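Some notes on the structure that comes next.
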Amino acid sequence: MTRDLETMCGIFAAVSDKPVAHILLEGLKRLEYRGYDSAGIAMLDDHKLKRVCAVGKVTELESRMDSEAFPGCIGIAHTRWATHGSPSEANSHPHMADGVAVVHNGIVENHGELRRRLKRQGCSFLSETDSEVIPWLISRAVAGGAGAANAVRSLSDDLEGSYAVAVLTEADGDVLHAKRHGSPLVAALGPLGGYLSSDISALAGFADEAIVLDDGDQVELRRDAIAVFDKSGRAVTRPRMTVEAVGNDFDKGGYPHYMLKEIHDQPGVARAIESRYDAGDFIAEQVTLDFNRIDRIRMIACGTSYYACQVARRWFAEVAGLSADVELASEHRYEPVVADGLREAAILVSQSGETADTLASLDKLKGLRVPTVGIVNQQGSTLAREADFFLPLLAGKEIGVASTKAFLAQLLVLARLVAHAADQRGHRAAAKRLRTALVAAPKAIEAALHNESAIVAVAESLAKAQSALFVGRGALYPLAMEGALKLKEISYIHAEGFAAGELKHGPIALVDDKTPIVALAPSGDLFPKLASNLREIAARNGRIILLGDRKALLALSDIASASLTLPSCDELIQPIVAAVPLQFLAYYVAVARGLDIDRPRNLAKSVTVE
Ligand code: F6R
């Protein structure tokens, strides 16, 4: 499996007996959140292929299409995140060759060799991409007498790497052909026609059910029929998944950005998790692991999801008496294996369920026969389907590139898994305390949202800084790192999170009167230690932005240049509550700097490249 070579591009295609241009544009808009830098569409118009592409946003593509008629009833569309070749019109998909148009998600590893071979055969290339060899391979096969379906089938003889492709040909103009190897692709039929998409959620409203293709599968999609064939060419029936209604997920709900809407969605997410997880014994039904027979938990994730695991590591130790290691998937996948005889279970946490490094870790763990629990937001994603056990995050679609509500959902679900493990291991009092704290979480999250207006003023001053430090201790140390990540990814201000006790070992050299220090300092066991760390900063003219409950803010009022109130709650769930002001802070700093908050530069929502 060559998962690590996938790209973040998005595929959407439609066939109907009515014009599909607006459907293709809507599909692309729903895939925008994945990250892209150009977009394009190819449609059949009067048996002839017509292509339109634009660098930049889908709205740019849309305005180009406004000036011309696109009456076709079949088409393929693509958002491209540049890998081979810069973002340009020539490099945008669809790529075309002699009556064949192709959109591709993946990387053709042997494209150099194929390109040389095709050039010798007279094919000419217009782009620098690896993908352009694909329409040429198909058109050569069609010219040699193969039907379009066989031409697509024979791609697997030539292509090395990973791919999901959707293909439209002038020769077979009623059918969309598609094939998948390594990169995700789903197919569906709805009342208006047939669809292909990289992402099941983009089909909401178009179809009620979708087929998640297996590796090697090929599809022939007509307006009213889907046929799926496995890698040996045999017709197969694949299970169908419900396309969850998106509700208002794709709607900003009156907010100027998805990120702000998603921050405000959080009390609702907490309640959705409560009603699914706390009604019966949901976790026991989903995860049939015996935590009494486990010596160590291994948690694997990337980015924000990794910080959620860092919080859970402390919960596992404190509440369930179970030691847990947390590893970055990008490191874990290449780490040497030490057989120390400990019985392990692995927890892999991901919003998208398609992060290449996390999936590579999943493969590695499966090879080692370690039982795996996938905690995932995206329904039908690879991690959700392939982990031994699956716990849904129920955060709804997260569209803003900076993760907010999925992070909070990860903490809430991980906490419940910890309480379940603690019960099984006989740590009943600790489990009960955590469960009681969780009951109070939705209200505490709501209370944290009330701080929004106070944060705006603080953010305006932070927006002028060149660099910011975030500090915390214990379970709030990962939140300091998460706060710094949030700030840097959407405001482009350099930010770093530290364990407050580490400052003296180096980072305190960065403290001056220009560098704001965001301190996570609610009352609790570690407060006196943290207070001393903060006084050391104040003694060096550090500008402290203090986040704490009333008691903590009062105790440190003499050294804070700004204070933001956190609602009081059990120390165990402080990381959950503290997430909210950190998200607001990053958001309003980016607003003050006038940046593209939902689509920060260079980032993609679903990181499917290594
Ligand atoms: C930051 C952010 C990323 C993701 C990371 C992992 O706001 O969203 O750091 O957390 O790319 O993605 P998933 O959770 O989809 O595996």
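The values are calculated or read from the model by the stated rules, or taken from the named source; none is laboratory data. Because the structure is a prediction, the values reported are computed rather than measured. As a convention, Cβ positions derive from the backbone with ideal geometry for all residues, glycine included, and neighbour counts pool all protein chains shown. Ligands, DNA and RNA are stripped out before the accessible areas are found, and what is left, the full protein with its side chains, is counted by its heavy atoms. Shrake-Rupley method; radii C 1.70, N 1.55, O 1.52, S 1.80 Å.
Accessible area per residue, 1.4 Å probe, Å², for segment 523-610: what's the number?
On a per-residue basis, segment 523-610 sits at 41 Å².
Summary value for segment 258-348: 33 percent relative contact order, contacts being C-alpha pairs under 8 angstrom separated by 6+ residues. The Cα atoms of segment 269-340 cover 42, 29, 22 Å along the three principal axes, with the biggest extent listed first. Setting aside same-chain residues fewer than 8 positions from residue 464, which lysines have a Cα under 20 Å from its Cα? The reachable lysines, counting only those whose Cα sits under 20 Å from residue 464, are 486, 488, 514. According to the square roots a ≥ b ≥ c of the eigenvalues of the Cα gyration tensor, what is the shape class of segment 481-540, taking rounded for a/c under 1.5, prolate for a/b larger than b/c otherwise, and oblate for the remainder? Oblate. Report, in degrees rounded to the nearest 10, the 0 to 90 angle that the Cα long axis of helix 133-143 makes with the longest principal axis of the chain. For helix 133-143, the angle is close to 20 degrees. Our summary of shape: the Cα atoms of segment 259-302 have principal axis extents of 42, 30, 11 Å, ordered from largest down, in whole angstrom.
May I ask for the net charge around residue 193, where only other residues with Cβ less than 15 Å from the Cβ of residue 193 are counted and Lys, Arg are +1 while Asp, Glu are -1? Could you put the intermediate results ahead of the total?
On the way: positive: 18, 222, 223; negative: 17, 26, 174, 208, 209, 220, 224.
Counting the neighbours of residue 193, the net charge comes to -4.
Of the cross-linked pairs 364/405; 397/432; 504/529, those separated by over 24 Å at the C-alpha level are 364/405; 397/432. With the convex hull of its Cα atoms as the shape, segment 288-413 has an orientation-averaged projected area of 7.2 nm². Annotation: residue 436 carries an accessible surface of approximately 90 Å², with a 1.4 Å probe and no ligand, DNA or RNA atoms counted. Note: segment 1-150, Cα convex hull, 122 Å³ per residue. Charge tally around residue 492: other residues with Cβ under 10 Å, Lys/Arg +1 each, Asp/Glu -1 each, net +2.
Here the scattering of segment 409-508 is modelled by Debye summation over its C-alpha atoms, one equal scatterer each and no solvent; at q = 0.12, 0.15, 0.20, 0.22 Å⁻¹ the log10 of I(q)/I(0) is -0.58, -0.83, -1.09, -1.16. When the P(r) is computed for the chain, the part past 42 Å accounts for 27% of the Cα-Cα pairs. Distances longer than 19 Å among the Cα atoms of segment 129-196: what percent of all pairs is that? Result: 34 percent of Cα pairs exceed 19 Å. Give me the tail of P(r) for segment 433-487 as a percent: Cα-Cα pairs with distance above 15 Å. For segment 433-487, the share of Cα pairs beyond 15 Å comes to 67 percent.
Close amide H pairs (under 5 Å, H built 1.01 Å from N) link residue 348 with 300, 373, 374, 375, residues at least 5 positions away or on another chain.
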